[in-house]
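**Student:** This is the structure I have questions about; it appears just below.
The values are calculated or read from the model by the stated rules, or taken from the named source; none is laboratory data. These numbers were taken from a predicted model, which means no experiment stands behind them. Note that each Cβ is placed from the backbone with ideal geometry, even for glycine, and that neighbours are counted across all protein chains shown. Just the protein is used for accessible areas: all its heavy atoms, side chains included, with ligands, DNA and RNA removed. Shrake-Rupley method; radii C 1.70, N 1.55, O 1.52, S 1.80 Å.
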Amino acid sequence: MNRGAWRNMIMAMAIGLGGATQLAGPARAEELAKLSGYNADISESSVSGISSGAFMAVQFATAWSSVIKGVGVVAGGPYWCAKADADDFINGFTLPIMTATGPCMSGPPSELSNFFAKADAKSAAGEIDSLQFVRRQKVYVFHGYNDAVVAKSVTDAAADFYRHYLGEPNRGNLYYQTTIGAGHSLVVAQDPHKAGLNGCGDNDVPYIDQCGYDQAGIILQHIYGALNAPNRGPLTGTVKRFDQSAYTRPDDPTSLSLGDAGYVFVPKACEDGAACRVHVALHGCKQDSGDIDRRYVDDTGYNAWADTNRLIVLYPQTAPSPFLPFNPQACWDWWSYVNHADSYVTKSGPQIRTIKAMLDALTAHAAPAATPAPVAAAAPVALAVIDSSDTSADLAWTPQPGTTAYRVQRAGADGPFAAVADVAGPSFADSGLTPASAYRWRISPMVNGTEGPASLEAAATTRAAPAPCAQPGRCPIVK
């Protein structure tokens, strides 16, 4: 489905709303349990999303930047892109949905200064966390060049939003991938291809494209550093359904366009009390369990990585709402369809508040963090190039206890190394590279200002720049 089809369907239904009233939600067919608490530090949490889930991921990660250490934005745009505000009552609250289905999909969005001003104002008012926390976040942004739903200028704006708050010293926290031929989708590396999922370049349900690209693993490693290899066999952890109404109160899930049940994947080690972390994975429009069953939960690759890396993955669920709130495609609320106020991008936003309540529940049994003992600087291990575009490369490595920063050095295929950045955290997006060119990297730990021994080298060749193509969905896919 292309941008025009999405826009026309939504607007046609919106015109017919008239005096519609909200319908009561269906009775629950089964009793669902609440989420259990685990030994998970909330400050080690992260979030990612596709499409409307990407817009929500940006909103949630910005509102709660004090506890969200990283965010993955797949086919999404900047904070407050739809510019919803209670003052739009004079227009019957139609402008936000027109903006959402117009410039926030077909691009370009509004002037970036509008989004900065809104975020700054909400932070100054205490409605979201201090934006100083955003500068330490690890951010992954993705646009597939066959995406016929969300234009590249929209994800460009998301990247620019983060560049503004990260600042030049933290530029390597942002990795922006635009050289994969995916359609509007969460991208996976299934081999052989799995029935029920899309081929690369598709723009249709279930919006999971098989492009030989392990997007979940790249997102998680950009946020957390090099991880153990995923479990490609039977998982030791389990997927559990839980009662979402316990976290929407005093509202009913139906009134927020949320499903009665959500899902969570819990590795066995986390069930047994090991120290774990939580990643929130937000599906996109028409990817809720009512539309595609458990494909987003089971087939996007997050669980395989989580199983071997003590990561709990939370999959909250929306539900379609044909009347009030008006959300026929089960999108996340990034144009304020719930209450038409600009609080939808803040901590008090109904859906943000719900997701945070779920995160609080999962991290309720976190053990106090131990102070790491001083250690001598050692060479980082497992330095890897986890992804590359035409002009950048994403590096990840195993974090070293006691290390306060890492020095990244780069060289060409031959020749000497030169330092390019000192960074905090176990990943770095090196940018400004030449397409289809070979590079090498190594890193050194910095402990109290002293540089330690360098790691082994990691090497990669950047991708070729995609050929210009004016018809996303029909662009040739470069392997």
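**Student:** Assigning unit charges at the beta carbon (Lys, Arg +1; Asp, Glu -1) and nothing else, what dipole magnitude in debye, to the nearest 20, does the chain show about its Cα centre?
**Tutor:** On the way: 35 positive and 43 negative charges, 90 e Å.
The dipole of the chain has a size of about 440 debye.
**Student:** Provide the per residue accessible area, probe 1.4 Å, for the chain, rounded to a whole number of square angstrom. Please report the intermediate quantities before stating the final value.
**Tutor:** Numbers: 18400 Å² over 479 residues.
Solvent-accessible surface per residue comes out at 38 Å².
**Student:** Right, something else. Mind jotting down the three principal axis lengths of the chain based on Cα atoms? Whole angstrom, largest first.
**Tutor:** Its Cα atoms span 70, 51, 49 Å along the three principal axes.
**Student:** With every protein chain in place, what's the accessible area of Lys268 (1.4 Å probe, Å², nearest 10)?
**Tutor:** 110
**Student:** I would also like to ask the following. Run the accessible area of the stretch 274-423 with a 1.4 Å probe and give the carbon-and-sulfur part as a rounded percent. If you can, show how the numbers build up before the last one.
**Tutor:** Values: 2860 of 5100 Å².
Here carbon and sulfur together make up 56 percent of the probe-accessible area.
**Student:** Using the Cα gyration tensor of the stretch 384-445, with a ≥ b ≥ c the square roots of its eigenvalues, what is the shape: rounded (a/c below 1.5), prolate (a/b larger than b/c) or oblate (neither)? Intermediate values should be presented prior to the final figure.
**Tutor:** Details: a/c = 2.33, a/b = 1.63, b/c = 1.43.
Prolate, because a/c is 1.5 or more and a/b exceeds b/c.
**Student:** Turning to a different aspect of this structure: Using a 1.4 Å probe on the protein heavy atoms only, what accessible surface does Ser106 show? Give it in Å² to the nearest 10.
**Tutor:** 50
**Student:** Something else: Please identify the cysteines of the chain that lack any partner cysteine with a Cβ under 4.7 Å from their own Cβ.
**Tutor:** Result for the chain is empty; each Cys has a Cβ neighbour under 4.7 Å.
**Student:** So, one more: I want the local charge near Ser437. Using Cβ-Cβ distances under 15 Å, sum +1 for each Lys or Arg and -1 for each Asp or Glu among the other residues. Walk me through the intermediate numbers first.
**Tutor:** Details: positive: Arg410, Arg440, Arg463; negative: Asp390, Asp414, Asp430.
Taking every other residue near Ser437 into account, the sum is 0.
**Student:** Can you give me the solvent accessible area of Glu271 with a 1.4 Å probe, rounded to the nearest 10 Å²?
**Tutor:** We get 80 Å² for Glu271.
**Student:** Right, here's the next one. Can you bin the stretch 326-479 into rounded, prolate or oblate? Criterion: square roots of the alpha carbon gyration tensor eigenvalues sorted a ≥ b ≥ c, rounded for a/c under 1.5, prolate for a/b above b/c, oblate for the rest.
**Tutor:** Details: a/c = 3.21, a/b = 1.24, b/c = 2.59.
Cα axes put the stretch 326-479 in the oblate bin.
**Student:** If you take every residue apart from Phe428 with its C-beta less than 11 Å away from the C-beta of Phe428, what net charge results, scoring Lys and Arg +1 and Asp and Glu -1? List each step's numbers first, then the result.
**Tutor:** On the way: positive: Lys138, Arg171, Arg407, Arg410; negative: Asp394, Asp422, Asp430.
Net charge in that neighbourhood comes out at +1.
**Student:** Considering the stretch 260-299, what Rg and Dmax in Å follow from its alpha-carbon atoms?
**Tutor:** 12.5, 35
**Student:** Okay, moving on. Cα axis of helix 215-224 to longest principal axis of the chain: angle in degrees, 0 to 90, nearest 10?
**Tutor:** Tilt of helix 215-224: around 60 degrees.
**Student:** Can I ask one more? For a test of the definition: using alpha carbon positions, the gyration tensor, and the 1.5 limit on a/c, classify the stretch 196-249 as rounded, prolate or oblate. Can you show the working numbers first?
**Tutor:** Numbers: a/c = 1.77, a/b = 1.20, b/c = 1.48.
It is oblate, given that a/c is not under 1.5 and a/b is not larger than b/c.
**Student:** Once the other residues with Cβ under 9 Å from the Cβ of Tyr247 are scored (Lys, Arg +1; Asp, Glu -1), what is the net sum? Before the final figure, lay out each step's value.
**Tutor:** Values: positive: Lys34, Arg249, Arg353, Lys356; negative: Asp243, Asp360.
In short, +2.
**Student:** Would you kindly calculate the mean projected area, averaged across all directions, of the convex hull enclosing the Cα atoms of the stretch 279-340, in square nanometres? Can you show the working numbers first?
**Tutor:** Values: hull surface 17.6 nm².
Value for the stretch 279-340: 4.4 nm².
**Student:** Taking the Cα centre of the chain as the origin and placing charges on Cβ (Lys, Arg +1; Asp, Glu -1), which of Gly237, Thr300, Pro453 is farthest toward the positive end of the dipole?
**Tutor:** Pro453
**Student:** Below 8 Å, C-alpha to C-alpha, sequence gap of six or more: please give me the relative contact order for the stretch 110-232 in percent. Intermediate results must be reported in sequence, preceding the final value.
**Tutor:** Numbers: 180 pairs, mean separation 28.2, N = 123.
Worked out over the stretch 110-232, it gives 23 percent.
**Student:** Next question. Computed on alpha carbon atoms, what radius of gyration and Dmax characterise the stretch 78-207, expressed in Å?
**Tutor:** Just the Cα atoms of the stretch 78-207 yield Rg and Dmax of 17.1, 54 Å.
**Student:** Let me ask something else about it. If you bin every alpha carbon distance in the stretch 206-328 into 10 Å steps from zero, what whole percent lands in each bin?
**Tutor:** 13, 40, 32, 14, 1
**Student:** Hey, could you get me the Stokes-Einstein D for the stretch 434-478, Kirkwood radius over alpha-carbon pairs, 37 °C and 0.692 mPa s, rounded to whole µm² s⁻¹? Walk me through the intermediate numbers first.
**Tutor:** On the way: Rh = 14.0 Å.
The calculation lands on 235 µm²/s.
**Student:** Then there's this: Rounding to the nearest 10 and keeping the result within 0 to 90°, find how far the Cα-based axis of helix 152-166 lies from the longest principal axis of the chain.
**Tutor:** For helix 152-166, the angle is close to 60 degrees.
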